[in-house]
Amino acid sequence: MLSNKLEESAVFKSLLSSSSAAKNADLAALLRDRSRCDRLIKSYKGVTLDLSRQLIDSATLDALLSLCHEMNVPKKIEMLFSGGILNGTEGRSVLHSALRAARGTSLTVDGSDVVADVYSVLDSIKEFSNRVRKGSIVASDGKPFDSLLCIGIGGSYLGIAFAAQAFMASSSARRECEGRKIRFLANVDPAGFRIATEGLDANRTMVIVISKTFTTAETMKNAVVARDWLQSNIADPSKFGDHLCAISTNLKLTKDFGIDDSHVFGFWDWVGGRFSVSSAVGMLPLAIHFGFDIAEQFLSGARMMDEHFRQTPLDDNMPVLLALASFYNSTVLGLDCVALLPYSEDLCLFPRYIQQLCMESNGKSVRMNGDKLSYGTGEIYFGESGTNGQHSFYQLLHQGRVVPSEFIGFIRSDNRDVAENGVTFHEELMANFFAQPDALAYGRTPAQLQAAGCSAHLVAHKACSGNRPSAVMLFEEATPYTVGALVALYEHRVAVQGFLWGINSFDQMGVELGKVLASDIRGYFKARHSDWASVEKEGQISYSTTKLLSLFAGSA
């Protein structure tokens, strides 16, 4: 076993014993220590990470780095890139980094060169997407496609939807998708289909069904509705298959559904759903919508961060340092929430994407061998784009619970940017971006308020305690390349936190329980059951639920 028990580490015990003092540290004083700040500000190829506003002094940083070695983090990082079995419960390698490995490199796992396999699929995606965009692959009426409807849920939806919106920050990406539409259908709520297809012409729409097994309940229910929609609305209903693609490994079921094998693109067991945006799951729709060259820039940015993560010593390694700060906040200081605050409207979907990436990965309660943990893992992630969030929940960040915040900003904007009163829109946005972390760190004391002439009865209400930790990430510009780097940064941060906690960040066993119970209830709906009192099952379906089911069925 590579991993040691975290709670047996002398370093970890020392961190816990000093946690009370750390919570009351003077962040203003820490920020005056320039040598400490320099240790906590890192830059690499246009990406800067500033952790100087964390409640971490130099001694604490040294201890956290030492803990990394105790928990064998360097060895596990190498296993992420070499095919080691890191998903122990399912006996799988974890190789999403191989999805963006450089062409010509080689990595053999179970007798197969996975990099060669990746490029075989990428080459097929490139050819297919180019033909769709040039009009040589056409709809049933012989005319080109101009719209995509992507059907998937969870990891087959959140990452792609985020990337598709984030790419729009780039003028070159906007040019390449001009006149095209991309929509996403995830929720099985019937309103989802109505919203996703509103304004779409079925004759011009290609539908991509994303499900590794082609059995995901919500996805397949939506896929059937989409197929019916095509058959009811296209010029030649018998050619509905011309409008269908799949990202799946189940060729039998895709063929049974009416999808030609040439329209099916695969991926592998060593790609977890929430880590799959770099696979065909993301690359096929992004390449069709924006062009393969734009989509490939995303992979290049992720590869840059992969190389930094794999090759850089821990004390300069941005994913490692971000993970250490987050681990320290949650496990040592007991700060269990994280606010994700991208100061870019095109990154507005980033918080919900990271919710899945982090919370599904690290929301665990047992270590790798199944033993119960004595500490909590994972954090609750929420957020909103700036400055919208400032007028929503920042009040709590400044004067309510202490919530570590992560700010993401860009030096330049590729959107139309005009000046008003001598300040451009982007400068106005970034003025807020730079102000908020310091406002959280320094706060506002009663003495400062009194000196500014604040009414005595309002001093207590206006005072802000400060000492609220934050991380700042600054990129040169929002492009497909930097979006790829950002995704990889968070993927690796999640993995390192899991290594420190001694958990499996790459399964999601808890998700299955609700599916099992839903299957039972679905069976009752299908049979048009009426005696709901009889379905009560101790430990599964409660008496309370039978009462609600009776109300639901009675009005259905």
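Coordinate-derived values only; no laboratory data. Nothing here was measured: the structure is a model prediction, and the numbers come from that model. In this analysis, Cβ positions are derived from the backbone assuming ideal geometry, glycine residues included, and neighbour counts consider all displayed protein chains.
By how many nm would the segment from S171 to L458 lengthen if fully extended, with 0.36 nm per residue of separation less the alpha-carbon distance?
Result for the pair: 98.6 nm of gain on full extension.
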_Let's test this: bin the Cα-Cα distances of region 510-555 at 10 Å from zero up to the farthest pair and state each bin's percent._
26, 58, 15, 0
*For region 266-321 and region 207-264, what is the separation of their Cα centres, given in Å?*
27
*For region 411-513, what is one quarter of the convex hull surface built on the Cα atoms, given in nm²?*
12.5
*Which value, in debye to the nearest 20, gives the size of the charge dipole of region 510-555 about its Cα centre, when Lys and Arg are +1 and Asp and Glu are -1 at the Cβ?*
200
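Only Cα pairs under 8 Å and at least 6 apart count here; give the relative contact order of the chain as a rounded whole percent. Mind dumping the intermediate values first?
On the way: 927 pairs, mean separation 106.1, N = 556.
Reported relative contact order: 19 percent.
Can you work out the FRET efficiency for the pair C348 and T108, with r the C-beta to C-beta distance and R0 = 51 Å, to the nearest 0.05? Display every interim value, and only then the final one.
Working: r = 41 Å, r/R0 = 0.80.
Step by step, r from the Cβ atoms, then E = 0.80.
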_For region 164-248, alpha-carbon Rg relative to the globular expectation (2.2 N^0.38 Å, N residues)_ = 1.18
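List the pairs from K143/K181; K212/K515; K45/K364; K221/K526; K42/K462 whose alpha-carbon separation is above 23 Å, in the order I gave them. Before the final figure, lay out the partial values.
Details: K143/K181 16 Å; K212/K515 17 Å; K45/K364 34 Å; K221/K526 14 Å; K42/K462 34 Å.
From K143/K181; K212/K515; K45/K364; K221/K526; K42/K462, over 23 Å: K45/K364; K42/K462.
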*Measure off 7 Å from each Cα along the Cα-to-Cβ vector at Q311 and D26, then give the distance between these two points in nanometres to one decimal.*
4.3
_Cα→Cβ-extended label distance, 7 Å offset, between N72 and R131, nm_ = 4.7
*Looking at the chain, send over the antiparallel percent of its DSSP beta bridges, to the nearest 5.*
35
_List residues of region 361-403, by number, whose backbone nitrogen lies under 11 Å from a label position 7 Å along Cα→C-beta of L16._
374-376
*Full-extension gain in nm, K5 to D438, via 0.36 nm per residue minus C-alpha separation*: 152.2 nm
_Let me understand the chain better: what is its radius of gyration from the alpha carbons, and its Dmax, in angstrom?_
25.2, 79
*How would you classify region 267-325 from its alpha-carbon gyration tensor, with a ≥ b ≥ c the square roots of the eigenvalues: rounded for a/c under 1.5, else prolate if a/b is greater than b/c, otherwise oblate?*
prolate
*Is it possible to state the helix-based mean residue ellipticity at 222 nm for the chain, with each DSSP H run of 4+ residues giving -39500 (n - 2.57), the sum divided by total residues, to the nearest 500 deg cm²/dmol? What is it?*
-14000 deg cm²/dmol
*When a footprinting reagent is the concern and you count Cβ atoms within 10 Å, what order do V332, V209 take, fewest first?*
V332, V209
*Residue separation times 0.36 nm, minus the C-alpha to C-alpha distance between R528 and K255: what's the value?*
95.1 nm
*Between K221 and Q390, what is the spin-label point distance in nm, taking each point 7 Å from the Cα along the Cα→C-beta axis?*
4.2
